[in-house]
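Enquirer: Structure provided below as structure tokens; questions to follow.
The values are calculated or read from the model by the stated rules, or taken from the named source; none is laboratory data. No experiment lies behind these values; they were computed from the predicted model shown. Cβ: placed from backbone, ideal geometry, glycine included. Neighbour counts: every protein chain shown. Please note that ligands, DNA and RNA were not included when accessible areas were found on the heavy atoms of the full protein model with its side chains. Shrake-Rupley method; radii C 1.70, N 1.55, O 1.52, S 1.80 Å.
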Amino acid sequence: LHYTVKSRNETHVKDARLDFEVRDRDARIEFHAPTGGNTRFDVELEVPQNTNLDVHEMVGDLTVEDIEGDKNLELRVGDIRVAVGRSDYHLVRASTRIGDVSGDGYGETSGWLRKTLKYYGEGKYELRAHVSIGDISLEGK
């Protein structure tokens, strides 16, 4: 695993904390940022290409690119962007409470406020993505 943390304010980076816990093949990573003021961070986490992801984030944007494996992505406020091969999945479920779901080749979305998209394919992985307030973009290759 490799990570990078950036902020416009160097003091914020010094006050931030990243906790790692590794057990066998599982890793738990928690990012703790100072609160108050205009605190903005860019955190980039690099994982092996064949990795199952289980991400729960409060606020921010999440981008997943070129990662094979099951994905469970949950975000309260922000946008999720997933760019992976559509043929990798046997099940894709994406939903928002308030926001849009776009799935390049994944089928049509349903709903007005609560948008949902379901896709069934021939692959071996599952992708589940949910945003309370924000958008989800699925970019199939």
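Enquirer: Got a number for residues in the stretch 103-141 being open to solvent by 90 Å² or more (accessible area, probe 1.4 Å), assigned to a loop (DSSP other than H, G, I, E, B) and among the charged types (D, E, K, R)?
Expert: 5
Enquirer: Give the number of residues within the stretch 86-102 that are open to solvent by less than 70 Å² (accessible area, probe 1.4 Å) and within 19 Å of Glu74 (Cβ to Cβ).
Expert: 9
Enquirer: Right, here's the next one. Checking the structure you have, find out if any residue of the stretch 77-88 is basic (Lys, Arg) and over 15 Å from the mean Cα position of the chain (by Cα).
Expert: Checking the stretch 77-88: at least one residue is basic (Lys, Arg) and over 15 Å from the mean Cα position of the chain (by Cα).
Enquirer: So, one more: Being charged (D, E, K, R) and surrounded by 12 or more Cβ atoms within 10 Å (Cβ to Cβ) is the filter here; which residues of the stretch 1-42 pass it?
Expert: Selection gives Lys6, Asp15, Arg40.
Enquirer: Report yes if Leu75 is under 13 Å from Arg128 (Cα atoms), among the aliphatic types (A, V, I, L, M) and out of contact with any Phe, Trp or Tyr (no Cβ under 9 Å at 6 or more places or on another chain), otherwise no.
Expert: Criteria met by Leu75.
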